[in-house]
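Following: one structure in structure tokens, then a few remarks.
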Amino acid sequence: MRTATILTAGAISAASAGRINRADFRREDIIYKDVAIIGGGASGAHAAVRLRQDYNKSVVVVEREPILGGHVDTYVDKTTGRTHDYGLALYFPYLDSFDFFSRPEINVTLSPWFPAGGNEVRYIDFTSGQELTSTFQPPDESAGPIAVKKFHDLMTANGWDNMTQPGYWGFPAGKDIPADLLLPIGQFAKKHGIEAMLSTMYPSTGGGVGSRGNFEDILTLSIIKAFPTAWSKVFFGEVAMFSIDGGNQFLYDKISTLLGKDVLYNSQVVNSKRSNSGIELVVDSARLDDDEEQPGKSRKGKGKGKATKKLIIAKKLLLAIPPTRENLAPFDLTPAEKAHFSKPKYGRSHTAIAKHSKLPAGVQLRNLPLSATANPLSPFLQTPFVLSFTSLATDSPLFSLGSSGTNYTAFPPSEAKKVARKAIQTMVDAGTLPDLEGEEVEFVAWSDHGPGGFGVSAQELREGWMEDMYALQGKRSTWFTGNGIAADFTTMLWKFNDQMLDRIVEGL
Ligand SMILES: Cc1cc2nc3c(=O)[nH]c(=O)nc-3n(C[C@H](O)[C@H](O)[C@H](O)COP(=O)(O)OP(=O)(O)OC[C@H]3O[C@@H](n4cnc5c(N)ncnc54)[C@H](O)[C@@H]3O)c2cc1C
């Protein structure tokens, strides 16, 4: 995911105040469809394919970026020709969701997923640059999986798995939410004697789902969204992990070809009208020039030309974008909807590929606080942080990295780059890494993964935030999907879509 903002949030708000007059649009700029889908990530792209191919409905996808795929980032190393997935890494089978990969129009091949780089892991405190002792063993390799299995059994025994995956259709009303799920994850783990699961959940959730502060203080429900029961099976060997041959972007390239002109790239909604009888959207859409190189991406995307305004007239709207206040500003929200969507607070995460010839190839440098030596069950970092630098191959100067910050607006790519560069310099200054000999760390690919985490407090959930969220489904011809409101794994989001699509097409 890159950020190609066509309009600033302020400009969008201003534009959204206007009325929509069909006479302002040329006939060829008015698009009539059954369903307008906003966002072409895993959720939006899947919904578009299924609505068009399986339900015979016409669709248009409005995607802000020049390519489909959302959190997928496939980098092609031009020197070696190898592909590296440095955003979304893998897929695991959830119910029958893998059938989507083998649809005749898509038909991508999956292979077992293995982590990149060499086997050697060095544990280093990136804030002091000091290495933990060579005998240090983190619990995520032994006690962690056992505790994760107990977590799994606890979730299923209480029926908490079905409440929280793939989405929250069956979630209880605020006052009936099980109290355990509203505990901070640290307290939840302690109460059930499964503290060792935390150090496994921590890296798996990118250090705390967009890192809304100290990991142990994050709401259990929020962690469960990023570490659902179905995913936990991976850690005790009940489920395997796969990636797409040729890189994960390949799937979305195929979908892009399949959907053809039904996707508007480099496009954003700037004004809208929603009612129970249908929706109208004004879209700032770039006229598409020839395919252009996309920095750090495996494929060319649609180049941006002069923006044109288009009017979409559709029977239904499916929002497959993070439901942030900024994203939803152009969607003609009622005061109650505005209040609802202004509650969640989001963190921000980035992934990147850094290049430096003096960093140790074949090694993962994992960031752990020195205190983890005495207390390996607490490997948690203060935000903002880089979780690790992972060598992509023993013969390559490339390292993937992931970085998280607590406050969305305070952690743009420029800040995350500073944090990454500082971490490397600190390790050099401490003598843990060799001198960089004046060579700058270069980021050959960068992806801003935008708002992360769930960001709703226990109090807001008790007051019915989730109930209200799902009560909005279908109102004013509008539906919501995506990782903002369902379990945050592609295959689970696809199952969430499956449950929703029957509802959307009713009456179409
Ligand atoms: C770093 C990272 C790694 C991950 N790794 C994995 C993994 O290995 N396996 C896994 O299953 N899941 C992984 N996930 C979880 C991932 O979020 C989901 O699997 C899934 O990709 C989410 O898809 P989505 O469509 O709901 O959201 P997104 O992928 O965020 O898609 C939203 C789309 O909407 C577009 N968009 C956003 N705002 C607007 C707007 N205003 N107008 C128009 N378009 C807009 C975006 O460009 C994007 O294409 C990872 C997440 C992150 C952040």
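The values are calculated or read from the model by the stated rules, or taken from the named source; none is laboratory data. Values in this document were obtained by computation on a predicted structure and should not be read as measured data. Note that each Cβ is placed from the backbone with ideal geometry, even for glycine, and that neighbours are counted across all protein chains shown.
Quick one: which helices (runs of 4 or more DSSP H) lie wholly within region 159-271 and hold at least 1 residues that are within 16 Å of the ligand (Cβ to nearest atom) and out of contact with any strand residue (DSSP E or B) (no Cβ under 9 Å at 6 or more places or on another chain)?
Output list reads 160-164, 198-204, 220-226, 229-232, 249-259.
Being within 22 Å of residue 142 (Cβ to Cβ) and touching a helix residue (DSSP H, G or I) at 6+ places or on another chain (Cβ under 6 Å) is the filter here; which residues of region 174-191 pass it? Within region 174-191, 185, 186, 188, 189 qualify.
Surrounded by 23 or more Cβ atoms within 10 Å (Cβ to Cβ), touching a strand residue (DSSP E or B) at 6+ places or on another chain (Cβ under 8 Å) and not polar (S, T, N, Q): is that true of residue 381 in this structure?
Here the answer is no, as residue 381 does not meet what is asked.
When residue 351 is tested against the conditions (1) within 16 Å of the ligand (Cβ to nearest atom); (2) out of contact with any Gly (no Cβ under 7 Å at 6 or more places or on another chain), the lone failure is (2). The residues of region 81-118 that are farther than 22 Å from residue 48 by Cα and touching a Leu at 6+ places or on another chain (Cβ under 9 Å), listed by number, are 82, 84, 86, 113, 116, 117.
Against the conditions (1) within 26 Å of the chain's Cα centre (by Cα); (2) polar (S, T, N, Q); (3) more than 16 Å from the ligand (Cβ to nearest atom); (4) in a loop (DSSP other than H, G, I, E, B), residue 394 satisfies every one except (1). Within region 43-68, the only residue that satisfies the criterion of being part of a loop (DSSP other than H, G, I, E, B) and under 14 Å from the mean Cα position of the chain (by Cα) is 68.
Output yes when any residue across region 355-364 is part of a loop (DSSP other than H, G, I, E, B), buried (at least 17 other Cβ atoms within 10 Å of the Cβ) and touching a His at 6+ places or on another chain (Cβ under 6 Å), and no when none is. No; the residues of region 355-364 include none that is part of a loop (DSSP other than H, G, I, E, B), buried (at least 17 other Cβ atoms within 10 Å of the Cβ) and touching a His at 6+ places or on another chain (Cβ under 6 Å). For region 165-205, a residue qualifies if it is within 24 Å of residue 468 (Cβ to Cβ) and of a type in the set (Gly, Ala, Ser), and the qualifying residues are 167, 170, 173, 174, 179.
For region 59-107, a tally of residues being of a type in the set (Ser, Thr, Tyr), more than 13 Å from the ligand (Cβ to nearest atom) and in contact with a Ser or Thr (Cβ under 6 Å, 6 or more places away or on another chain) returns 1. Might you let me know whether region 123-146 holds any residue that is more than 16 Å from the ligand (Cβ to nearest atom), crowded, with 18+ Cβ neighbours inside 10 Å and of a type in the set (Ser, Thr, Tyr)? The answer is yes, given that some residue of region 123-146 is more than 16 Å from the ligand (Cβ to nearest atom), crowded, with 18+ Cβ neighbours inside 10 Å and of a type in the set (Ser, Thr, Tyr). When we screen 323, 330 for residues that are within 16 Å of the ligand (Cβ to nearest atom), in a loop (DSSP other than H, G, I, E, B), closer than 26 Å to residue 503 by Cα and in contact with a Phe, Trp or Tyr (Cβ under 8 Å, 6 or more places away or on another chain), the only hit is 323. The set of residues in region 39-58 that are surrounded by 24 or more Cβ atoms within 10 Å (Cβ to Cβ) and more than 13 Å from the ligand (Cβ to nearest atom) contains only 51.
Quick one: in region 449-508, of everything that is part of a loop (DSSP other than H, G, I, E, B), surrounded by fewer than 17 Cβ atoms within 10 Å (Cβ to Cβ) and acidic (Asp, Glu), which residue is nearest to the ligand (Cβ to nearest atom)? Taking the candidates together, the pick is 506. Filtered by the rule that a residue be modelled with pLDDT of 95 or more and either within 14 Å of the ligand (Cβ to nearest atom) or on the phi > 0 side of the Ramachandran plot (or both), region 333-348 gives 333, 341. Among residues of region 394-419 that are in contact (Cβ under 8 Å) with a residue 60 or more places away in the chain and under 14 Å from residue 441 (Cα atoms), those with a beta-carbon under 6 Å from a residue that is charged (D, E, K, R) and surrounded by fewer than 23 Cβ atoms within 10 Å (Cβ to Cβ) at least six positions away or on a different chain give the pairs 398/355.
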